[in-house]
Every structure is written in structure tokens, then in C-alpha cells.
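The structure appears below as C-alpha cells.
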Amino acid sequence: MLEHAAAFEEQARAKWPAYHEEMRGIAAGAGKQLLDIVALNVRTEINFGLFSDGCTALAWHTEQRGWLAQNWDVGCSAACSRCSGHVHPHTNHDQWMGVQKQNLIITKITQADKPAILQVTEAGIIGKIGFNSAGVGTLLNAIRVHGVDPSRLPVHLGLRMALESSSVADALHKLESHGMASSGHILLADASTSMGLEFTSSTAAHCVPDAAGRVVHANHLLGEHPGKTDMVWLKDSRRRVSTMAANAGILGGEPSWEDVGGLFADEQYAPGAICRRETPETGSGTLFNIVMDLKSRKAVVRLGRPTQVEETIDLEL
């Protein structure tokens, strides 16, 4: 892992010195080596999507609201050695989930001449899921497509770059000008619009809002990516997209906070549902849900599965 991280560290030092400095500061503060922190921030690129991130995501713009919401799911993938019948260091999936839950943090970041940021991330990772004082928000879906290019932007640094942007258009311009280092999907939104940026290490595609102003995404490619093969490593991904779209369509044109939050408590086709339980078959379970309204720059974070909420946190900028 550290050997792979070293290539990205060199690129960050040369191309994104502010992010390099921040990772260096985190390492110093935590008493870790710099490459340990870089490895966390490029773990998606190192693992080729082996671990799941951000399973079901929704952007929905109405007259009154700019919704951006998702369940964040994490766990061993279907390719996990334990799930394949081999020895694995985790004694069980619940233990892995419990350990990972302790790593979740909420950070508020203020910088000169940049929007303030509120995000839910993991300790040591500088960009993740959240929104900023300009009303720009980000969500993340892992997608497993072979290929990594260390000369391009790692996804978690890309999320941070998007959260330092003034609009969806600004964020898209930045991310596409650098190109992304591996595969994934970042759902971008601001107070007035949304756009899904789907990418691999050499291609990119946009997921535009439908007639109702919605973008729904999960863990497979929706756009065209010539020469790339999607592993569709979470086989229930397509069903979650169709379920979310159908459920949202029932709510009418101006859903409430409770309505949007309720979409992520859906347990149809459990355990591989929108609100997931981790099993060897599903590969991941829901650790938290976030619902943002980018028009009011407010968010509600529910820790735990939406059907078993452990704590609720209100965020506002």
C-alpha cells in the first residue's frame, strides 16, 4: 500500500501542494508517517474499489429545496477473501463495521478566500461527503472498473476540490481539467442544479437530472465509457437505482425532510436494500445517512442505519 501511495504523494506534492501540506500536518498531529495518511486518501485507487463507498445517492431540485442525500455503506466487497472462503483477519463482518464506525468524523474547515466546508469523512481523509457555504455539495459512489493513473486526481482529493468550489460548473471544470485517477461517481449539486460526474482512469461521463430534477446513482456505470468494463461488483446496484427512482416519484413535487429521509430507510429486497445489512452476499451495510438542503445550507446526519438511528446531528453553514 505504501509503495502505491508513494507515487500519489509525489504527484500531490507537485500538483496540489495545499493538499499535500494538509496531509503532512495530519501526519504530524497524529504521530504517523506521511505515506500512512496519503494511503488513506488514495485508498480508493489502491483498492480498485475493493471496499464500498456511498451506495445509494440522490440529488433532487424542487422550487423550494436543493436536496442532496445518500446512505453511506461500507464493508467487505463480494471479492473479499473472507467472503470467498479464505482466511480473513476480521473475525466477522459486524466487527469490521463497528471498527469503521468509530473512524467517522465531522469536520468544519475554514480557509481564506474559499468557502467554509462541513463534511462527514473518515479520520485522516481530507475530502468526502458534505457541503460548503456557497451551497455546493458532494456525494460519492464507488464503482469497480480496472485501471489507475497516479498522474490524475485521487477521488478523495477530488471531493475536497469540489467542496472548495463556488458552483457545480466550477467543480466540474476543476475535476475534468485534472482527470480522475480511478473509477467512481461524484454527485455534485448546488442550490439550483445537480450533475453526476462518472469517471474511470481514462474516461468521464455526465449523469444529468431527469424531467423531475432528479439524479439517482448507486454502484455501477450509467454512462458510456468506451473500452471500459464495469464489474458491477454489487449486483443489487441496478435494483437500488430503480427502487429509489420509483419511491421518489410517488412523493410528489415538494417532499419534506421526513419524506426524503424516508427514501433511505427502504428495506425492499433486504439485506441488499437501499438501507443495507452487511452479509457475505451484500458485502456492505449502511453506517450513516445524510440529507442536505443546499438552498438553506442545512443538513441532517443520522448515524447508524436509517431504520435504527443511533444519533442525529444537525449541520448548518
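The numbers here are math on the coordinates, done by the rules we state, and not lab data. Please read all numbers here as calculations on a predicted model, not as lab measurements. A quick note on method: Cβ atoms are made from the backbone with ideal geometry, for glycine too, and the neighbour counts reach across all protein chains shown.
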Pop out the ³J(HN,Hα) list for the stretch 207-214 in order, Karplus 6.51 cos²θ - 1.76 cosθ + 1.60 with θ = phi - 60°, rounded to Hz; leave Gly and Pro as x. 10, 8, x, 7, 4, 8, x, 10
Quote to one decimal, in nm, the extra length available between E254 and K108 on full extension: 0.36 nm per residue of separation minus the C-alpha distance between them. 49.6 nm
Give me the base-10 log of I(q)/I(0) for the stretch 174-317 at each q in 0.11, 0.13 Å⁻¹, Debye formula, one uniform scatterer per Cα, rounded to two decimals. -0.47, -0.67
Too-long pairs where the Cα-Cα distance tops 24 Å, listed order kept, from K32/K298; K235/K298; K101/K128; K108/K128; K32/K101: K32/K298; K235/K298
Taking T282, T138 and counting other C-beta atoms within 10 Å, the order from fewest to most: T282, T138
Checking K295, K108, K128 against a Gaussian network model of the chain (alpha-carbon springs below 10 Å), the top fluctuating residue turns out to be K108
Does anything in the stretch 235-260 have its amide N under 19 Å from the 7 Å Cα→Cβ label point of T62, and if so which residues? 244-260
Between T229 and E311, what is the label-to-label distance in nm when each label sits 7 Å out along the Cα-to-Cβ direction? 4.4
The chain: relative contact order from alpha carbon pairs under 8 Å, six or more residues apart, as a whole percent, is 20
I'd like to know which of T286, T243, M23 lies farthest towards the positive end of the charge dipole of the chain, counting +1 on Cβ of Lys and Arg and -1 on Cβ of Asp and Glu. M23
Which of these, W67, W233, W16, has the largest mean-square fluctuation under a Gaussian network model of the chain (Cα springs below 10 Å)? W16
Reciprocal mean inverse distance between Cα atoms of the stretch 1-70 - Kirkwood radius, Å: 14.2
GNM top mover of H206, H185, H61 - the chain, alpha-carbon springs below 10 Å: H206
Under 37 °C and 0.692 mPa s, how fast does the chain diffuse according to Stokes-Einstein, given a Kirkwood radius computed over C-alpha pairs? Answer in µm²/s, whole number. 170
With +1 at each Lys and Arg Cβ and -1 at each Asp and Glu Cβ, the charge dipole magnitude of the stretch 50-316 around its Cα centre, to the nearest 20 debye, comes out at 400
Please report Rg over Rh for the stretch 1-41, where both radii come from the alpha carbon positions and Rh follows the Kirkwood definition. 0.93
